[in-house]
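**Q** A single structure is presented below for examination.
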Amino acid sequence: MSKLAGESMSRARRRDRRVYLSGHPVLFTLLAATRRRPARRLGGTVLAHSEAAVRDGLTRVPLDRNAPGTTGGAAGDLTGGELLFNQDGDGHRGSRRGLALGADAVQRLRPVWTAVLDRRLAPLAAGERIELVDVTAELAGATAAALLGVDADPLTLASMARAAAAAAAREHLPGIPRPGARRAARAATARLTDLLASHEDAALAAMLAVAAVTTTVAALPRAAAWCADAGLWSFAGTAPDALTSELLRVTAPAPLLPRVAAAAGTVDGCPVRRGDRLILVARHAVDAHRTDPCPADPAPPHVAQLVFGAGPHACPGARLARHQLSDALRALAVHRPRVVSARADRRSALPGWSRLILAPDR
């Protein structure tokens, strides 16, 4: 790697690190300090850092899907305790299969997000700046509305979904309980559910909207900033799948997965007791903290895919997310934009930018 390329990668990594340290500095500092061991126990919490430990936590340790402080617990607040995250056995697998977004869904939804990209990125062609987080919010909201078959304003849907996710995260993240967090989470969820009242299952629709919107708004602007800072735009045309895979790996939109063990087990050799809290650090499992994105030599698929979970806990929207990001990067790459300014989001459920200004290359 040339010195110039190395400096570009370093600049990109320094910028991206801000989304972690601005939003949850204590939590991510703790995770960084403990990552030298594949798995480490701290009281009743087991931190899983290695690929094997995270994979074990997702596929080999029975999980309590209703426990407070977990993804399932947060989802239960959105759905009233129903569906997808907190079911067991065949019911869990069946619900996820029914929601899997395959090639047909991508083909149906692609015109929705490409229309948003065509319209919202047009100012770059005229030499003007764009605010990519707002563009991404509209893209994500429009896609979620089309997926759910509801007539909701995309930006309103995205705003409410992000607010509900942020409120739920503040309640369920590890740490000292926050006064009023549960009340705020329920109020934000109620507003989102009311917006989606036309759906036959508004609670389930709210949960799906939260998942679709928050991951997209977290990942796409960060991926674009990496491309701009590290000079990766050319790969959007020559190796789009590898670029998308590597950027999703290094951004790891859901960097850690909180779980609770329903029975004893092990994660990469570390004993887990029933009732232990598991913090599965997907970011470390895919080596996002150490290795830069390299579309010319991408990580093996079984590693890169871990950012979307594994086994019965694999994200049913992974295919759609990959195609959506590839299309967005390809559309942006025409203009080879640079980052003018970036502000980390201190309140979001997932590490990301609250504002990212791009300008076309001079």
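The values are calculated or read from the model by the stated rules, or taken from the named source; none is laboratory data. Note that the structure is a prediction, hence the values are computed from the model and not measured. Here Cβ is always computed from backbone atoms with ideal geometry, including for glycine, and neighbour counts include all displayed protein chains.
**Q** Could you tell me how many of the residues in the stretch 288-317 are surrounded by fewer than 17 Cβ atoms within 10 Å (Cβ to Cβ) and closer than 26 Å to ASP268 by Cβ?
**A** 10
**Q** Among the numbered conditions (1) in contact (Cβ under 8 Å) with a residue 24 or more places away in the chain; (2) assigned to a loop (DSSP other than H, G, I, E, B); (3) surrounded by fewer than 22 Cβ atoms within 10 Å (Cβ to Cβ); (4) of a type outside the set (Lys, Arg), tell me where PRO253 comes up short.
**A** Condition not satisfied by PRO253: (3).
**Q** If you don't mind, another one. Can you give me the number of residues within the stretch 331-349 that are surrounded by 19 or more Cβ atoms within 10 Å (Cβ to Cβ) and of a type in the set (Ser, Thr, Tyr)?
**A** Of the residues in that region, 1 qualify.
**Q** So, of the residues in the stretch 256-265 that are outside any loop (DSSP other than H, G, I, E, B) and either hydroxyl-bearing (Ser, Thr, Tyr) or touching a Lys or Arg at 6+ places or on another chain (Cβ under 8 Å) (or both), which turns out to be nearest to THR215 (Cα to Cα)?
**A** For the stretch 256-265, the residue satisfying everything is LEU256.
**Q** Kindly list the number of the only condition in (1) in contact with a Ser or Thr (Cβ under 8 Å, 6 or more places away or on another chain); (2) surrounded by fewer than 16 Cβ atoms within 10 Å (Cβ to Cβ) that fails for ASP327.
**A** (2)
**Q** Would you please name the residue that is nearest to ALA264 (Cα to Cα), looking only at residues in the stretch 29-45 that are hydrophobic (A, V, I, L, M, F, W, C) and under 22 Å from the mean Cα position of the chain (by Cα)?
**A** Only one residue fits best here, namely LEU31.
**Q** Here's another thing I want to ask about it. How many residues are assigned to a loop (DSSP other than H, G, I, E, B) and either under 22 Å from VAL19 (Cβ atoms) or touching a helix residue (DSSP H, G or I) at 6+ places or on another chain (Cβ under 6 Å) (or both) if we restrict to the stretch 179-235?
**A** Selection size over the stretch 179-235: 5.
**Q** Considering only the stretch 271-287, how many residues are closer than 17 Å to LEU30 by Cβ and of a type outside the set (D, E, K, R)?
**A** 7
**Q** Here is a list of conditions, (1) surrounded by fewer than 24 Cβ atoms within 10 Å (Cβ to Cβ); (2) modelled with pLDDT of 95 or more; (3) among the basic types (Lys, Arg), and ARG222 meets all of them except one; can you say which number that is?
**A** Failing condition for ARG222: (1).
**Q** Right, something else. Does VAL46 satisfy being at negative phi, among the β-branched types (Val, Ile, Thr) and either touching an Asp or Glu at 6+ places or on another chain (Cβ under 6 Å) or surrounded by 14 or more Cβ atoms within 10 Å (Cβ to Cβ) (or both)?
**A** Criteria met by VAL46.
**Q** Identify all residues within the stretch 29-62 that are in a helix (DSSP H, G or I), touching a helix residue (DSSP H, G or I) at 6+ places or on another chain (Cβ under 8 Å) and touching a residue at least 12 places away in the same chain (Cβ under 8 Å); write none if there are none.
**A** Listed by number, the residues that qualify are LEU31, GLU51, ALA53, VAL54, ARG55, LEU58, THR59.
**Q** A further question follows. Is there a residue being under 24 Å from LEU132 (Cβ atoms), crowded, with 24+ Cβ neighbours inside 10 Å and not charged (D, E, K, R) anywhere in the stretch 189-200?
**A** The answer is yes, given that some residue of the stretch 189-200 is under 24 Å from LEU132 (Cβ atoms), crowded, with 24+ Cβ neighbours inside 10 Å and not charged (D, E, K, R).
**Q** Pick from ARG14, ARG55, ARG35: which is modelled with pLDDT of 90 or more and loosely packed, with under 14 Cβ neighbours inside 10 Å?
**A** Unique residue meeting the criteria: ARG14.
**Q** Go through (1) touching a Leu at 6+ places or on another chain (Cβ under 7 Å); (2) surrounded by fewer than 20 Cβ atoms within 10 Å (Cβ to Cβ); (3) closer than 16 Å to ALA224 by Cα and name the single condition ARG120 misses.
**A** (1)
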